[in-house]
Structures are given as C-alpha cells and as structure tokens.
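Reading through the structure tokens given below for one structure.
No value in this document is a laboratory result; all are computed from the given coordinates. Note that the structure is predicted; figures quoted are calculated from it, not measured. FYI the Cβ positions are ideal-geometry reconstructions off the backbone, even for glycines, and counts take in every protein chain you see.
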Amino acid sequence: MMLLCLFNFISRRFHSQSEDDDDEGSIPIKAWPSQLSLLKERPESSASQTSTVVNERLQELVRMFKERTEKAKEKLIDPDSSDEDSIIPCESVFHLFYRAPIRICPCSLSPVSLSADVTYVLWMFLVSLAWNWNAWFIPVRWAFPYQTTENIYYWLLTDYLCDLIYILDITIFQPRLQFIRGGDIVTDKKETRKNYIKTKRFKFDVASLVPLELFYFLTGINPMLRLPRLLKINSFFEFNERLEAILTKAYIYRVIRTTTYLLYCLHCNTCLFYWYSALDGLGSTSWVYNGEGNSYIRCYYYAVKTLITIGGVPEPTTLFEMVFQLVNYFVGVFVFSIMIGQMRDVVGAATAAQTYYRSCVDNTIKYMSSYRIPRDVQNRVKTWYNYTWQSQGMLDEQELLVQLPDKMRLDIAIDVNYSIVSKVPLFQGCDRQMIFDMLKSLRSVVYLPGDYVCKKDEVGREMYIIKEGEVQVVGGPDGKTVFVTLRAGSVFGEISLLAVGGGNRRTANVVAHGFANLFILDKKDLNEILVHYPESKKLLRKKARLNKMPKEPPRVPAAPVRTETPRLLRAALEMTERSSGLKGALAKVKEKTNKSSISLQVNQL
C-alpha cells in the first residue's frame with residue numbers, strides 16, 4: 001500500500017514537472033548511467049521516460065527496504081554486532097525521488113552553552129581582568145601621584161582597551177548566552193538577545209559604559225570619572241562561579257579569592273590615608289604620612305596596622321584624624337570578622353570529608369576500647385580505615401551518589417565500573433541493559449590480607465567481582481592449600497547465589513591475598529534485575545552450572561592382566577594333586593589361578 005501511494009505521488013510529480021518543462025522549453029531529464037544508455041538506444045516520449053525512471057527507482061527502493069529489514073533483524077539477534085548507523089534511515093529513501101537544493105549559509109557564531117564552556121570562561125577571565133584593572137587602579141591614580149603627563153597616554157590606552165572589552169562583551173557574547181525557559185534550553189539568537197535586554201545585568205552593563213570621560217575637557221583627566229566601570233561587577237562574580245565549576249579543587253581558589261578581598265580592603269584604606277595626608281599636608285602632623293620612602297608601601301603598612309588593630313599607630317591630633325581612625329577600627333573589626341568566618345567555612349568545606357573520616361575512626365576506636373576488643377582486631381580495623389581512605393578518598397562511595405538521580409548514577413557507574421564488569425566471562429552475551437541495571441546495585445568493599453571473603457557451607461547471599469587485588473581459593477586438610485588464585489575481573493560466589501543444583505551453600509573458602517577491592521552484588525538485587533531479563537537469567541544459570549560440573553579426572557592405565565590358565569593344564573594339575581598328594585602347593589597355584597580369572601572378568605565388565 002505504501003509503495004502504491006509513493007508511486008502515485010511520484011508519477012503526479014514527474015508529470016507536473018514534464019508539463020512545466022514543455023512550457024518553458026525542452027530540458028533533458030537527468031538519469032542514471034544505465035538510463036542514459038537506454039535513452040540513447042531508442043528515443044521515447046517524456047511520459048515513457050518518466051515511467052522508466054520511476055520503475056528503476058522503485059526497484060532501488062525495494063532493495064533498500066530489504067537491506068534495512070535484514071540489518072534490523074541482525075540487530076535484534078545480536079545488538080552488539082550491528083551498528084545503529086548502518087541502518088538506512090527512512091529520510092534517505094525519499095531522497096531518491098526528491099532532492100532539495102542545498103543552501104550554503106554563511107558561518108555564524110553559535111549560542112554560548114549553559115555548561116562549563118572553556119572558551120566562554122576564558123573570555124570571562126578577560127572581562128574580569130578588565131574589571132579588576134579599573135577596581136584596583138582607579139583609587140591608586142586618584143590618590144597617589146602616579147599618573148603624570150609623561151605616562152598619561154599609556155594609562156588612557158589601557159583604559160580604552162578595557163572599554164573595548166566591555167563593548168565586545170555587551171554586543172557579542174552576552175546576547176548569545178543561552179537561558180532556560182519553562183524547563184527548555186533556548187538557543188535561538190533572537191530570543192537570547194531579548195532575554196539579555198530584559199535583565200538587570202544589561203542595564204548595569206550599559207550604565208558601566210556611560211561616557212563620563214567627556215568631562216575630561218572641563219576637569220582634566222580625573223580617574224574618578226571612570227567609577228561607573230565598576231558596575232560590571234556581575235561579570236566578575238560569573239567568572240568566579242564558572243571557574244569553580246571546572247576546577248577539581250575549587251576550595252584552593254576560594255581561599256585565594258577570600259585573601260584577595262582582604263588585600264583589596266587594605267588597598268582602599270591605603271589610598272584614603274595617602275589622600276588625606278596629601279590634602280592636609282605631608283608631614284604636617286605626627287599622624288599623617290611624612291613623605292619619606294615609598295609612599296604606597298608606607299601607607300599600606302599603616303593600613304595593615306589600623307585595620308588589623310595590632311597597635312603602634314600614632315595618636316590622631318585633629319577631629320578628622322580621630323573620626324578617620326575610629327572608622328578604620330570599626331571597619332577593620334567588621335571586615336576581619338567576615339573574612340575569618342568565610343575562611344573558616346571554606347577550609348571546613350574543603351576538609352569536611354577528612355573530618356568525617358577522623359570522627360569515624362575516633363568513634364570506632366572508642367567503641368572497641370570500651371568493650372575491650374583484642375589489640376590485633378583493633379589494629380586490623382585501623383588498617384582497614386587507613387587503606388580505604390588512601391585508596392578511595394572516602395569510606396562509602398554510595399553516600400556521594402545517593403542524592404543524584406538514577407540516570408546520573410548510572411552514567412557515573414558506567415564510566416567507573418563498566419570496563420571491568422563487561423570483561424567478566426560470566427556476563428558475556430547477557431543483555432547490555434541488564435548489566436547497566438546491575439552496575440547501580442554494586443557495592444565496593446575492601447578486604448585486608450588474610451580476611452575470609454566467604455567460607456565453605458555458609459549460606460550464599462552475595463556474588464563477588466574482583467575490582468583490584470587477588471583472592472585465593474583454599475582448602476585441604478589444613479585449610480591452607482591454595483587451589484587457584486583469582487585476579488581482577490574474576491567472579492566467584494555465583495553458584496550459590498544462582499542456586500544451581502538446588503542449593504545455596506558456599507562450595508569453597510576464599511581468602512584475600514593482600515589488599516583486595518571487591519564489588520558485591522546482593523542476591524535480592526540480582527533477582528529483582530533478572531525478573532525483567534529471562535533470557536539473561538537462563539544464560540547465567542547455564543554458565544554457573546557448567547562452572548559447577550567437576551572436571552573429569554585423568555585416566556590411569558590399568559596394570560596388565562594375567563591370562564587365564566588353559567583348561568588342559570588345569571586338569572593335569574588336578575590329576576597330579578590326587579596322585580602325588582602335593583595338595584598344599586597345588587592348592588596355592590589353584591588359588592592364584594582363580595584370582596586371576598576373577599580379575600579378568602571384572603575388567604571385562
């Protein structure tokens with residue numbers, strides 16, 4: 001039915017094209033190479049040529065549908081062997097009949113992603129650098145005599161370069177920043193531009209570029225006219241957030257940033273102190289700066305002593321100096337209390353995991369000491385804590401992932417553990433989605449050297465997959481004979497877990513050889529997973545049953561059997577026994593002869 005509809009549609013299309021061609025002029029129909037040879041042999045009408053093209057293309061369509069069906073069957077039989085890209089998409093079928101012209105558009109800048117785009121972070125670093133230039137050097141150029149007529153052009157060149165960075169950010173980057181509306185990520189350029197214009201950030205960005213430099217013609221080059229440039233502080237905060245998102249140890253940057261805030265407060269106080277000293281007169285009183293040495297360093301030294309309130313500051317002599325000193329004291333106490341609290345939070349967040357580890361160790365040691373646990377057991381517990389923390393950096397990996405959605409936990413489990421589990425021979429051929437579901441239920445446990453992972457005849461409730469290290473299967477009369485050593489990627493405990501043979505008891509003792517990190521899969525979790533994958537369940541039981549079957553012992557060649565004594569010799573021996581009386585010796589010979597005949601019969605059976 002679908003083929004008939006396609007045929008009618010294509011016939012109408014080609015007939016309409018042929019009518020248009022007759023009106024406009026005779027335009028040859030582009031055919032395939034086989035069609036060209038056919039058209040050269042005998043001329044045909046436009047309708048017959050169209051039907052020939054349609055027939056050949058319909059045959060090609062049928063061939064493509066057959067190939068697609070065969071590849072779909074192969075994918076259903078073996079999902080791993082076939083590739084998704086190998087299946088012919090439906091859209092490519094219609095391209096056989098209709099090929100739209102390709103429009104080549106000029107390349108344009110794509111919208112900025114919401115995720116941690118490194119290119120955008122680098123640009124924001126450049127914008128943040130321009131903002132910091134204005135924040136640090138506007139007070140310095142206003143208070144200290146560092147801006148002179150000789151170097152004024154260098155200052156202005158840097159100022160206008162920062163203004164250019166501001167303009168590029170407002171006109172190119174910010175209007176392309178993606179945003180979320182109703183749960184959807186909007187990437188359309190017109191919508192992103194409208195959204196940026198509606199935000200308060202756009203108003204602050206525009207206000208930061210108010211051209212107050214025009215007053216230079218009236219007041220001269222006054223750096224304080226550039227104070228509106230500090231209104232672009234949102235870019236500085238955005239850079240901090242995006243940089244922390246891509247750093248592995250963000251707490252180090254937080255400590256550096258908090259220290260920088262403190263240094264900036266001291267910097268501003270330094271500029272204010274020099275400004276008042278220059279206004280009142282350098283060296284006019286014992287409290288102001290006397291004009292000796294490096295002006296910035298000496299004023300900075302005064303600001304540190306004042307804000308930190310470490311003492312040794314000259315006594316103020318005028319009312320303004322007293323008020324200035326009192327404000328410095330209050331601001332210093334307020335600022336330093338905030339900085340110390342923020343620093344404590346940053347360091348506390350950075351060492352939260354280690355603090356939790358220490359508290360767990362201390363509580364466990366206190367518990368063992370209160371119940372007088374033997375010293376060797378306490379040492380083993382301490383060793384387990386130390387090794388687990390050093391190898392994993394945490395005590396339980398599941399605590400970090402419990403707050404994430406199932407999809408994210410699955411993605412993390414696939415990246416971390418799939419390479420190990422997929423190589424396990426027991427799971428070869430199982431459904432891939434079943435393995436994905438199983439990854440979410442795995443628990444990582446560390447065993448110390450000599451620890452029994454499982455013992456013979458105990459009830460099996462877990463299956464083990466070796467992630468790191470080695471374990472040994474031991475037994476024998478002394479329980480120390482090593483039968484086999486299992487390494488990373490091996491599985492044990494699946495026989496009792498799958499209840500092969502009607503029982504769920506352990507069949508051997510397994511001991512950790514050195515430190516071993518194992519994945520544990522609970523029986524309840526496995527059964528809940530296998531309910532939805534019956535074919536994988538049959539395959540796992542079959543493989544477990546094959547692993548349980550004992551190997552056939554080597555055959556020892558039997559000793560050669562003595563041939564049976566002939567009947568004539570036996571009769572002669574009996575007559576000799578009767579006549580000569582050699583009963584004892586002949587009886588022994590007869591007994592040996594009978595034993596040899598019996599053994600021969602047993603071997604024949």
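If packing is taken as the average count of other Cβ atoms within 10 Å, what order do 266-274, 196-204 fall into, highest mean first?
Order by mean packing, descending: 266-274, 196-204.
Under the shape rule built on the C-alpha gyration tensor, where the axes satisfy a ≥ b ≥ c, the stretch 338-427 is oblate, since a/c reaches at least 1.5 while a/b does not exceed b/c. What separates the Cα centres of the stretch 175-202 and the stretch 230-282 is a distance of 30 Å. A simple rule links phi to the HN-Hα coupling: the Karplus curve 6.51 cos²θ - 1.76 cosθ + 1.60 with θ = phi - 60°, which for the stretch 178-192 gives 5, 8, 10, 9, x, x, 9, 8, 8, 10, 5, 5, 5, 5, 5 Hz, with x for Gly and Pro. Centroid-to-centroid, using Cα positions, the stretch 469-495 and the stretch 383-457 are 20 Å apart.
Peptides 292-298, 167-173: what's the order by average Cβ count within 10 Å, highest mean first?
Working: 292-298: 12.9, 167-173: 14.9.
The most tightly packed comes first, giving 167-173, 292-298.
Compared with the alpha-carbon gap, the fully stretched path from V377 to D522 is longer by 49.5 nm at 0.36 nm per residue.
Report the calculated FRET efficiency for E241 and T309 (r = Cβ-Cβ distance, R0 = 41 Å), to the nearest 0.05. Don't skip to the answer; put the middle values down first.
Numbers: r = 33 Å, r/R0 = 0.81.
With a Förster radius of 41 Å, E is 0.80.
How do the peptides 369-381, 218-230, 402-414, 130-142 rank, highest first, by the average count of neighbouring beta carbon atoms within 10 Å per residue?
Working: 369-381: 10.7, 218-230: 14.7, 402-414: 12.5, 130-142: 18.8.
Ranked from most to least packed, the peptides come out as 130-142, 218-230, 402-414, 369-381.
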